[in-house]
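Below: one structure, written as structure tokens.
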Amino acid sequence: MNISSGGVASTVFRPVFRDGFGKLYLDGQMLNVLMMLDGKKTIEQVAQQAGIILSDLRKVLLKLIKMRLVESVERAVTLVDKEFIAFMIYRMSLAVGPLGEIVVEDSMEELGYHRNNFPASKIPELIKILTLEIQREDKRLEFKRVMLRLISQKGFLD
């Protein structure tokens, strides 16, 4: 895994405990970060909790990886299916008109994703962004209600 090039905000790391580490020299920041890595929090969450900007945390992680004190945790990512995206575009078009598809695609890109790789975990954030684009209150509430019901049925909120 190459974390020096960026794109690690959603990566999860955990500490590695092995016999025979030898002498280790950790500064306070490295030790603080090592203690926060629990195999569950993303790097973005650790940065926020530690009060460290992501680029500085990346440098600390590189040191910890080089020392073989942490490893990334592979997490299964559930992607949203094409039918869900098509339905979302349809419902958005009912709410805002013929630009619905463009609004959905632009909002996905704003979150750093596209139609073919949109993670289910980001759906609530996407819906929040999309509802801000709907001017009429009744249409905004209807869009939100229908989408929340669908994501609940599909199990995306579990």
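Nothing in this text is a laboratory measurement; each read-out follows from the coordinates by a stated rule. Small disclaimer: the values here were computed from a predicted structure and weren't measured. Neighbour counts run over all protein chains shown; Cβ positions are idealised from the backbone, glycine included.
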Problem set entry | FRET efficiency, Lys154 to Ala50 (Cβ-Cβ, R0 41 Å, nearest 0.05) | 0.75
Seminar exercise, completed: Which residues qualify? For Leu79, with a placed amide H closer than 5 Å and at least 5 residues away or on another chain, they are Ala120
Exercise. Considering the Cα trace of the range 27-81, what is its radius of gyration and what is Dmax, both in angstroms?
Worked result: 12.3, 45
Exercise. So, in nm, how far is label Tyr113 from label Lys82 when the simple model puts each one 7 Å beyond its Cα toward the Cβ?
Worked result: 1.8 nm
Problem set entry | Under 16 Å from the Glu142 label point (7 Å along Cα→beta-carbon), backbone N, the range 82-107 | 88-100
For this session: Quick one: grab Rg to one decimal and Dmax as a whole number for the range 15-158, Cα atoms only, in Å.
Result: 20.5, 65
Exercise. In sequence order, what are the phi-derived ³J(HN,Hα) couplings for the range 26-33 according to the Karplus relation 6.51 cos²θ - 1.76 cosθ + 1.60 with θ = phi - 60°, rounded to whole Hz, with x for glycine and proline?
Worked result: 10, 7, x, 5, 4, 5, 4, 5
Exercise. If amide H atoms are built 1.01 Å from N in the plane of the peptide, which residues on other chains or at least 5 residues away come under 5 Å of the amide H of Thr42?
Worked result: none
For this session: Do me a favour and compute the ellipsoid semi-axes for the range 82-154 from its Cα gyration tensor, root of five times each eigenvalue, largest one first, whole Å.
Result: 17, 14, 11
